[in-house]
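To start, the structure itself, in structure tokens.
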Amino acid sequence: MNIEVGNILTLKKPHPCGKEGSDTWKVLRVGADFRLECMGCGHQVMLPRKKVESQIKSIS
């Protein structure tokens, strides 16, 4: 997969922020791990590449 810093990812499961939750994430770091920022609440997480790539629905 060709994922770059600045891409917006739509994942299968929403982040449990707020009432509705957000399933869109902004890529802040790419490598063996991804640093993602939730577009709903701004929370940042580090996740392994393999886990993120299996959860992606779309890349924009």
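The residues of the chain expose on average 66 square angstrom of accessible surface per residue, using a 1.4 Å probe on protein heavy atoms.
Isolated cysteines in the chain, defined as those with no second cysteine Cβ under 4.7 Å, comprise CYS38.
With all protein chains in place and a 1.4 Å probe, the accessible surface of the chain carries 50 percent carbon and sulfur.
Simple point charges give the picture: +1 on the Cβ of Lys and Arg, -1 on the Cβ of Asp and Glu, and for the chain a dipole about the Cα centre of about 160 debye. Look at the dipole of the chain built from charges on Cβ: of ILE8, PRO48, GLY21, the Cα furthest out on the positive end belongs to PRO48.
Proximity of backbone amide H atoms, modeled 1.01 Å from N, is registered between HIS43 and CYS38 at under 5 Å, excluding neighbours fewer than 5 places apart on the same chain.
For mean projected area of the Cα convex hull in nm², the value computed from the atomic coordinates appears in the list (1) 5.7; (2) 3.6; (3) 7.3 under label (2).
The values are calculated or read from the model by the stated rules, or taken from the named source; none is laboratory data. Please read all numbers here as calculations on a predicted model, not as lab measurements. As a convention, Cβ positions derive from the backbone with ideal geometry for all residues, glycine included, and neighbour counts pool all protein chains shown. Heads up: the accessible areas ignore ligands, DNA and RNA and are worked out on the full protein's heavy atoms, side chains in. Shrake-Rupley method; radii C 1.70, N 1.55, O 1.52, S 1.80 Å.
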